[in-house]
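Novice: This is the structure I want to talk about, given as structure tokens.
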Amino acid sequence: MTDFTKTRAMFDIPEGMVYLNGNSLGPMPKAAPQAMERFLNDEWRTELIKGWNTKNWFMQTNTLGDRVGRLIGAPAGSTVVGDTLSIRVFQAVAAGLSLVPDRKVILSDNGNFPTDLYMVEGLMKLKNDGYELRIPDPEAVLDQINDDIAVVMLTEVDYRTGRRHDMQAVIEKAHRHGAVVVWDLAHSAGAIPVDVGGLDTDFAVGCTYKYFNGGPGSPAFIHVAPRLLDVVEPALSGWYAHEAPFAFDTDFRAMPGAIERMRIGTPSIAAFALLEAALDIWEDVDMADLHRKSIELSELFIGEVEARCPGVTFAGPRDPKARGSHVSFRFEHGYACMQALIAQKVIGDFRAPDVMRFGITPLFIGEDDISKAVDAMESILKNEIWREERFQTRSKVT
Ligand SMILES: *Cc1c(COP(=O)(O)O)cnc(C)c1O
């Protein structure tokens, strides 16, 4: 059994704060300052340019990629880290399209996170070759998979409601129809068990600053099925993907048969130092234990809110197995209510038009956090504290 009191002690969360936003930005691991200090003093300062070899900076895209890969069921050598998730979405969809050049339709859904859709829009414009993006309701996606579809691009867990797609059903049907599948695991990786290898997805992408706690803007990841590593074309053909980057040839030749071909350019090694410290926490964590605990805490939270907070309605699927690891509630004055909660050090976030969202992250929250959060919400509603003027103005980031 995973010892969650042990993992909780590995985070530096401000005194008195109930942090229910680890689904958006994970908290700081206690080991992060030493990791950064070590990078600065023992690597950058002392090694300088030699660090690319002596400290293995050049291959951290892969060594850290494998550590992330292990947590999503990817075999070694099929995952790299670096760049941002938006870039990775572009890269995966572009690579997917070139695997099925005779098809022109990309299938996603209208609940997908906007940047994923925007990146595809930009890609289609760039290709300028009659591509079409279809975005039905999430529930209709499976039905719309047919022989027209080139790429199915979906986010497994809906960022608003927590609703989960059936990865296996989508992959099986897509493959039966000759389509390529790209999964965005932004709200799955580190939240629920994922088995990209067992399910044989073609591509998977995600970020490491949410449930993996790598720090704001920490590198994204991309996984490519090993069977595709010989044929996949890296649309963003940077020198890090070249078969001989230090030959400095004028023509691009992708690294044959290896995940290096999905690397692009020089990554932030400082960010890798933080990610490494964050991944150490996962060494003794069993994903099944984590999921069980997440369901237990979520059910407790939903039940208490429904019993004690009139006007606030649960917005996700009732079946815990059909959800990721955040819970969302609709409330007409959700923005103001969330600001009032934050003023009481209960941190969640708000997603337009009326969703209050809370990340349930057993690595560092427990029953006591859930109780404090519900107590605060109950009192804010009963005393209509959300009506206060200071809770009405919207910040740039919600
Ligand atoms: C968080 C999130 C993103 C963010 O992309 P960035 O490039 O890291 O800003 C993209 N897609 C989904 C589904 C997300 O949840």
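Novice: Output the residues belonging to segment 343-372 that are among the hydrophobic types (A, V, I, L, M, F, W, C), touching a Gly at 6+ places or on another chain (Cβ under 8 Å) and not in a strand (DSSP E or B). Can you show your working first?
Specialist: From segment 343-372, those among the hydrophobic types (A, V, I, L, M, F, W, C) are 343, 346-347, 350, 352, 355-356, 358, 360, 363-365, 370; that's our starting set.
Pick out the ones that are also touching a Gly at 6+ places or on another chain (Cβ under 8 Å) and you get 350, 355-356, 358, 363-365.
Result: 363, 364, 365.
Novice: Answer yes if at least one residue in segment 149-156 is farther than 29 Å from residue 23 by Cα and either surrounded by 22 or more Cβ atoms within 10 Å (Cβ to Cβ) or away from the ligand (no atom under 14 Å from the Cβ) (or both), and no otherwise.
Specialist: Here is the first cut: in segment 149-156, the residues farther than 29 Å from residue 23 by Cα are 149-150.
So of that shortlist, the ones also either surrounded by 22 or more Cβ atoms within 10 Å (Cβ to Cβ) or away from the ligand (no atom under 14 Å from the Cβ) (or both) come out as 149-150.
Within segment 149-156, one or more residues are farther than 29 Å from residue 23 by Cα and either surrounded by 22 or more Cβ atoms within 10 Å (Cβ to Cβ) or away from the ligand (no atom under 14 Å from the Cβ) (or both).
Novice: Would you say residue 234 is touching a Lys or Arg at 6+ places or on another chain (Cβ under 6 Å), part of a loop (DSSP other than H, G, I, E, B), away from the ligand (no atom under 16 Å from the Cβ) and not acidic (Asp, Glu)?
Specialist: When the stated conditions are applied, residue 234 passes them.
Novice: Please work out which one of (1) outside the structural domain of residue 343 (by TED's automatic domain parsing); (2) out of contact with any strand residue (DSSP E or B) (no Cβ under 7 Å at 6 or more places or on another chain) is the condition residue 105 fails and give its number.
Specialist: (2)
Novice: Could I ask something else about it? Within segment 157-202, restricting attention to residues that are among the polar types (S, T, N, Q) and either outside the structural domain of residue 145 (by TED's automatic domain parsing) or touching a strand residue (DSSP E or B) at 6+ places or on another chain (Cβ under 9 Å) (or both), which residue is surrounded by the fewest Cβ atoms within 10 Å (Cβ to Cβ)?
Specialist: 161
Novice: Could you check, for segment 371-386, whether at least one of its residues is without any contact (Cβ under 8 Å) to a residue 24 or more places away in the chain and crowded, with 18+ Cβ neighbours inside 10 Å?
Specialist: The answer is no, given that none of the residues of segment 371-386 is without any contact (Cβ under 8 Å) to a residue 24 or more places away in the chain and crowded, with 18+ Cβ neighbours inside 10 Å.
Novice: OK, next. Considering only segment 295-329, how many residues are of a type in the set (D, E, K, R), surrounded by fewer than 23 Cβ atoms within 10 Å (Cβ to Cβ) and either touching a Phe, Trp or Tyr at 6+ places or on another chain (Cβ under 8 Å) or within 21 Å of residue 22 (Cβ to Cβ) (or both)? Spell out how you get there, then give the answer.
Specialist: Here is the first cut: in segment 295-329, the residues of a type in the set (D, E, K, R) are 296, 299, 304, 306, 308, 318-319, 321, 323.
Keeping just the survivors that are surrounded by fewer than 23 Cβ atoms within 10 Å (Cβ to Cβ) gives 296, 299, 304, 306, 308, 318-319, 321.
Retained after the next criterion (residues that are either touching a Phe, Trp or Tyr at 6+ places or on another chain (Cβ under 8 Å) or within 21 Å of residue 22 (Cβ to Cβ) (or both)): 296, 299, 304, 306, 321.
Matching residues across segment 295-329 total 5.
Novice: Shifting gears a bit: Among (1) polar (S, T, N, Q); (2) assigned by TED's automatic domain parsing to the domain that holds residue 183; (3) within 25 Å of residue 355 (Cα to Cα), where does residue 294 come up short?
Specialist: The one condition residue 294 does not meet is (2).
Novice: For segment 165-204, which positions are within 13 Å of the ligand (Cβ to nearest atom) and more than 19 Å from residue 85 (Cα to Cα)? So that I can check it myself, show each step before the final result.
Specialist: Of the residues in segment 165-204, the ones within 13 Å of the ligand (Cβ to nearest atom) are 165, 182-191, 204.
Result: 165, single match.
Novice: Out of all the residues in segment 200-220, is one or more without any contact (Cβ under 8 Å) to a residue 40 or more places away in the chain and either farther than 24 Å from residue 259 by Cβ or not in a loop (DSSP other than H, G, I, E, B) (or both)?
Specialist: Within segment 200-220, not a single residue is without any contact (Cβ under 8 Å) to a residue 40 or more places away in the chain and either farther than 24 Å from residue 259 by Cβ or not in a loop (DSSP other than H, G, I, E, B) (or both).
Novice: Let me ask you something else. Tell me, which strands (runs of 3 or more DSSP E) wholly within segment 30-134 include 1 or more residues that are out of contact with any Gly (no Cβ under 6 Å at 6 or more places or on another chain), closer than 23 Å to residue 221 by Cα and within 16 Å of the ligand (Cβ to nearest atom)? Reasoning before the result, please.
Specialist: Working: elements: 79-81, 105-107, 132-134.
Passing ranges, in order: 105-107.
The values are calculated or read from the model by the stated rules, or taken from the named source; none is laboratory data. Given the structure is predicted, the values throughout are model-derived calculations rather than measurements. Because the Cβ atoms are built from the backbone with ideal geometry, glycine has one as well, and the counts that use them run over all protein chains shown.
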